[in-house]
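The values are calculated or read from the model by the stated rules, or taken from the named source; none is laboratory data. Note that the structure is a prediction, hence the values are computed from the model and not measured. Quick reminder, even Gly has a Cβ in these numbers, built from the backbone with ideal geometry, and neighbours come from all protein chains shown.
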Amino acid sequence: MPEDQWTTHDFKVKMLDWSAARGSRLAYMCRRCGRGFSRFSMLSHGVWAIDSEGRALESAVSNQWLAEVCPGVIRENDDKDRKRLRDMAAQ
């Protein structure tokens, strides 16, 4: 994830859950655009987009959101993207 895009967001951070192997799973929710991201505190497995409940979104949504700067407002298309949950059975 390019650092420049990440720093354009105004995040509030909360811990979603914890495991001894991975550490805390943190949720980063932008106060301006409403986009959510998650990552583990102990593993470098990257960052992925999440919905308001912390569920992973499709990789295409993650890739798009991570490549863009904060739009500054909630976009109508983002609301549609938040419904595109990653198929956990396919992983």
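For the range 65-87, a residue qualifies if it is in a helix (DSSP H, G or I) and under 20 Å from Arg31 (Cβ atoms), and the qualifying residues are Trp65, Leu66, Glu76, Asn77, Asp78, Asp79, Asp81. For the residues Trp6, Trp48, the requirement of being touching a strand residue (DSSP E or B) at 6+ places or on another chain (Cβ under 6 Å) and either surrounded by 11 or more Cβ atoms within 10 Å (Cβ to Cβ) or aromatic (Phe, Trp, Tyr) (or both) singles out Trp48.
Considering the conditions (1) under 27 Å from Asn77 (Cβ atoms); (2) at pLDDT below 95; (3) of a type in the set (Lys, Arg), Arg22 is excluded by exactly one of them, (1). Quick one: in the range 52-78, of everything that is under 19 Å from Asp10 (Cβ atoms) and acidic (Asp, Glu), which residue is surrounded by the most Cβ atoms within 10 Å (Cβ to Cβ)? That would be Asp78.
In the range 2-55, the qualifying residues are those that are in a helix (DSSP H, G or I) and within 14 Å of the chain's Cα centre (by Cα), and the one that is farthest from Glu68 (Cα to Cα) is Trp6.
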